[in-house]
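J.: A single structure is presented below for examination.
The values are calculated or read from the model by the stated rules, or taken from the named source; none is laboratory data. Everything numeric here is computed off the predicted structure, so don't read it as measured data. Here the Cβ positions follow ideal geometry from the backbone for every residue, glycine too, while neighbour counts run over all protein chains shown.
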């Protein structure tokens, strides 16, 4: 088939507003033109129904009183009826449907494509403020510059593609379980991408390498937020503060921060600056020393 004819078929099938987009894509794949019946045009529908009525009367009408005992037997009888119908001469044209097919259609027929058509669902979507679009309950990222833009989504059994103004801007493996968000680092704004490789488990592991109090501080910082990721910036800042300190000092600062609920970067930095961890340790040592006085009976008095 000439390329210009294929292009015409593609445009007529895929971009006709009266043709379902998935159906149009299938027609384009197989280079088949679709001419839908126009709304409010009874003659268009009558032309289609006339052919259906003729085939029904020729096949079903002739076989309605015949009993079949297998599907193969039924199909064989239908094949005979169809051949008879196609070989019947049409009065107006003076030739049969079979002769028309052999003269006009067969010479331009093509072999079936090697690749089967892959069904896809097309939908309109609006990009959210988190630069993700929703497809069947799962979220897929697009370039962050498209926030609030309307896009087309194409979902097959294995992939989800996103198109903006006819251009593909994102492609993901389709999700059926696991995390609901599929995010590609290159779609993130640079401020977000910087922290993409960090996870709550990684931050806990780094803090655990210093000591249990530091790990408890990092856990408390993330637990304070509705989503752990919102505490990543604070956790990274706190761990950066601790880089030049020995583990004993870091543990003391962390213990003090958790004790008084100082779960922000500024609060931890203030504890370090004013040496509040050492003040607390000194006060704890003083409070821990036993007081000696005649009026204090001591624990032995009660035994």
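J.: Residue check: is residue 50 part of a helix (DSSP H, G or I), within 23 Å of residue 37 (Cβ to Cβ), touching a helix residue (DSSP H, G or I) at 6+ places or on another chain (Cβ under 9 Å) and in the same structural domain as residue 37 (by TED's automatic domain parsing)? Talk me through it step by step, then tell me what you get.
T.: Working: part of a helix (DSSP H, G or I): yes; within 23 Å of residue 37 (Cβ to Cβ): yes; touching a helix residue (DSSP H, G or I) at 6+ places or on another chain (Cβ under 9 Å): no; in the same structural domain as residue 37 (by TED's automatic domain parsing): yes.
No, not satisfied.
J.: Follow-up. Is region 25-44 home to any residue that is at pLDDT 80 or above and more than 44 Å from the chain's Cα centre (by Cα)?
T.: no
J.: A follow-up question, please. Residue 103 - would you say it is touching a strand residue (DSSP E or B) at 6+ places or on another chain (Cβ under 9 Å), part of a helix (DSSP H, G or I) and modelled with pLDDT of 90 or more? Before you say what the answer is, go through the steps one by one.
T.: Working: touching a strand residue (DSSP E or B) at 6+ places or on another chain (Cβ under 9 Å): yes; part of a helix (DSSP H, G or I): yes; modelled with pLDDT of 90 or more: yes.
Yes.
J.: Could you check how many residues of region 233-248 are in contact with a helix residue (DSSP H, G or I) (Cβ under 7 Å, 6 or more places away or on another chain) and part of a helix (DSSP H, G or I)? Give the derivation first.
T.: Keep residues of region 233-248 that are in contact with a helix residue (DSSP H, G or I) (Cβ under 7 Å, 6 or more places away or on another chain), which gives 234-235, 237-239, 241-242.
Pick out the ones that are also part of a helix (DSSP H, G or I) and you get 234-235, 237-239, 241.
Residues in region 233-248 being in contact with a helix residue (DSSP H, G or I) (Cβ under 7 Å, 6 or more places away or on another chain) and part of a helix (DSSP H, G or I): 6 in total.
J.: What do you reckon, is residue 215 more than 30 Å from the chain's Cα centre (by Cα) and either in a helix (DSSP H, G or I) or at negative phi (or both)? If you could, list the steps in order and put the result at the bottom.
T.: Numbers: more than 30 Å from the chain's Cα centre (by Cα): yes; either in a helix (DSSP H, G or I) or at negative phi (or both): yes.
Against the criterion (more than 30 Å from the chain's Cα centre (by Cα) and either in a helix (DSSP H, G or I) or at negative phi (or both)), residue 215 qualifies.
J.: Of all residues in region 216-231, which are at pLDDT 75 or above and exposed (fewer than 13 other Cβ atoms within 10 Å of the Cβ)?
T.: Scanning region 216-231 gives a single hit, 223.
J.: Just name the residue that is farthest from residue 26 (Cα to Cα) out of those in region 108-132 that are modelled with pLDDT of 90 or more and loosely packed, with under 13 Cβ neighbours inside 10 Å.
T.: Step by step, filter region 108-132, then rank; the result is 126.
J.: What are the residues in region 250-280 that are exposed (fewer than 15 other Cβ atoms within 10 Å of the Cβ) and either in contact with a strand residue (DSSP E or B) (Cβ under 7 Å, 6 or more places away or on another chain) or in contact (Cβ under 8 Å) with a residue 24 or more places away in the chain (or both), if any?
T.: The answer is 278, and nothing else.
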